[in-house]
Amino acid sequence: MVVYQREKAKLLVYTRKVSHRDYPDGLARSVHLAISRDGEHWQAMHGNYGILFAEAELSGEDTIVPKCVANPRVFRLAEGEYDILTDRVDEGEYGILADRVNEDGSPESDCGRALFWKTRDFRTFEKGVLLEKRGPEWERLQKTAQETVPVQCIVEGESLESSSMEIEPSMCDRVVQRWSQIHHVETRVPATVCASGQEDVRAVKAEAVYSDGSVALKRVAWNMDEIDFCKPGTYRVTGTVCSRYFTFPLAKGYGDPVIFPWEGKWYFLGTSDNRHDIGIYVREAESVEALFAEGTQEHLILDVDEEKDFIQTFWAPEFHIIGGRLYILFAVGGKVWGPQCWLMRLKEGGRIVAAESWEEPVQVVRADGSPLGADGITLDMTYLKAGKRSYMVWSYRRHIGTPKDTGSMLYIAEAKEEEPWRLAGEPVLLSRPLFGWENVSGTINNEGPHSFVKDGKVYLTYSGGAANSYTYALGLLTAKEGADLTDTGVWEKSAVPVLSFYSVKGEYGPGHNSFFVDNDGSLMIAYHGETSLESRLRCDGIRRVHFDMEGEPVFDLSAERDLNPELREVSMQVIVG
């Protein structure tokens, strides 16, 4: 038998051309990857969205100075070389080198720095190292990088000058798997089951298998009309795999959606853009779908109150159970613009939709009782419990609208369940919008945190970019559940967004999300976005959160990729004994 050896594939690194309409500086001037199996035709990875981003610098006044990259080069590293710069180089490692530039692509004033990333597989990368363009180490690194021959190629219809190198076909396959969206490829059900009644058949679920090898269990609507459970025998039954599908948009004019189950019913909260962000309204229904049915009533539970100085910016309300009691965390501002974090608690035996069932709102303060944001604004507070410890996470911003604007930053502090309105520890800076996708065209945003815990790991999503524009994107921070989450060293921040306007066709600027578990036990994500590049009307969406072969969450699984319509019909034998 003759075995044909596959030729080596090629990997390309490049930056894209800036489009101020739909792909601005902070995105275009990042490192992109593409793969070719024949040396001529290129497949863009990550949907042709950036993968490696330069981090911004902080000025002496604590403002963000955005940075980008230009002229990326990719090459194989020699073992033992460049150990001074990057600890050490092991056999089989690769490097990506790029010039660091200003956001508009102009050279930095000193024209003397570059960014260097190491990787073994082009799936994960070590944190970029900032290098000075001088000295023997730089000269050796630059010499190796210059051995890469620039190429002119076309990726996704765009002609660009870039750098490429040969890689093994097996590595190419792994790169494609990592940076391509997964999709449903097979449906499995048991060939035969034994059943004594309808409930035994209904309990049989289908395994939906995805392109990366991961699996999700799905309910099946089995047709049991032909089965006589009073007569022993073997029967063939057919079924249709079920998957919850929510159209986008679900509701128009609402941001920051929260879906919440409580005492047998479902509730919906959000920022009401339709009412100019005035008041907190809640919907109640028997199912999640019914929350968004036409005519579903909205109940006003917190209105304008001049005596309390609740005048404007009723923002991002969230339900949370803290110490066994139900709270709503929210932001509100007074006559002088400047939202701050507040919370209110449901009275014992109270009804969520009744304004009189809620205790008086309390402003969140520091451990010593001083204001949380005396010199800035605070908003988007969320509650997080990991292990036996409780935390508050929120967004904080100083000097908004002035040349000294710090941008919105995520802060975390330990909290007490019995007194959640008073922080139990000092606030700690968790994240700032340093990457280009977090700070698109001056948006400097880290906001909207929300979390879930799974398999001993804390997942904290947040949003960057413009809250009512196509550039809004979802970021992700992760940590071990048992760690002290106020220690910033335990957190790992994803260098790329986990949800963007490149993720699902027809959804622009997805962000400011929340999580809930549906009646089937599936983790769901609710978020807002826009229906076009130009739209500024925030709308709500919901989809299932999938977990890949590595056990990591996938937030961009569209309905068609979650369940292929051509793979919905299944059959099996049922033995009635």
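Restricted to segment 336-360, and to residues that are closer than 16 Å to Ala374 by Cα and assigned to a loop (DSSP other than H, G, I, E, B), which residue is farthest from the chain's Cα centre (by Cα)? Taking the candidates together, the pick is Val336. Within segment 315-334, the residues that satisfy the criterion of being under 22 Å from His512 (Cβ atoms), open to solvent by less than 10 Å² (accessible area, probe 1.4 Å) and either of a type outside the set (Phe, Trp, Tyr) or more than 24 Å from the chain's Cα centre (by Cα) (or both) are Ala316, Pro317, Glu318, Ile322, Leu326, Tyr327, Ile328, Leu329, Ala331, Val332, Gly333. Scanning segment 299-329 for residues being part of a loop (DSSP other than H, G, I, E, B) and charged (D, E, K, R) gives a total of 5. Residue check: Gly401 meets all listed conditions (1) without any contact (Cβ under 8 Å) to a residue 60 or more places away in the chain; (2) in a strand (DSSP E or B); (3) out of contact with any Cys (no Cβ under 9 Å at 6 or more places or on another chain) but one, namely (2). Taken over segment 369-395, the criterion of being open to solvent by 10 Å² or more (accessible area, probe 1.4 Å) and either under 19 Å from Glu417 (Cβ atoms) or in a loop (DSSP other than H, G, I, E, B) (or both) is satisfied by Gly369, Ser370, Ala374, Asp375, Tyr383, Lys385, Gly387, Lys388, Arg389. Considering the conditions (1) in a loop (DSSP other than H, G, I, E, B); (2) open to solvent by less than 50 Å² (accessible area, probe 1.4 Å); (3) without any contact (Cβ under 8 Å) to a residue 60 or more places away in the chain, Leu434 is excluded by exactly one of them, (3).
Checking the structure you have, find out if any residue of segment 560-576 is surrounded by fewer than 22 Cβ atoms within 10 Å (Cβ to Cβ), of a type in the set (Ser, Thr, Tyr) and part of a loop (DSSP other than H, G, I, E, B). Looking through segment 560-576, none of the residues is surrounded by fewer than 22 Cβ atoms within 10 Å (Cβ to Cβ), of a type in the set (Ser, Thr, Tyr) and part of a loop (DSSP other than H, G, I, E, B). Might you check whether a residue that is over 30 Å from Ser532 (Cα atoms) and either modelled with pLDDT under 95 or β-branched (Val, Ile, Thr) (or both) occurs anywhere in segment 330-344? Yes, some residue in segment 330-344 is over 30 Å from Ser532 (Cα atoms) and either modelled with pLDDT under 95 or β-branched (Val, Ile, Thr) (or both).
Name the helices (runs of 4 or more DSSP H) wholly inside segment 133-228 in which the number of residues that are open to solvent by 20 Å² or more (accessible area, probe 1.4 Å) and in contact (Cβ under 8 Å) with a residue 24 or more places away in the chain is 3 or more.
On the way: elements: 136-146, 169-179, 198-202.
So the answer is 136-146, 169-179.
One residue stands out among those in segment 542-559 that are charged (D, E, K, R) and either open to solvent by less than 20 Å² (accessible area, probe 1.4 Å) or within 26 Å of Leu269 (Cβ to Cβ) (or both): the one that is nearest to the chain's Cα centre (by Cα), which is Asp556.
The values are calculated or read from the model by the stated rules, or taken from the named source; none is laboratory data. Note that this is a predicted model, so its numbers are computed, not measured. Heads up, the Cβs are rebuilt from the backbone with ideal geometry, glycines too, and the neighbour counts pull from every protein chain shown. Calculation scope for accessible area: heavy atoms of the full protein, side chains included, ligands and nucleic acids excluded. Shrake-Rupley method; radii C 1.70, N 1.55, O 1.52, S 1.80 Å.
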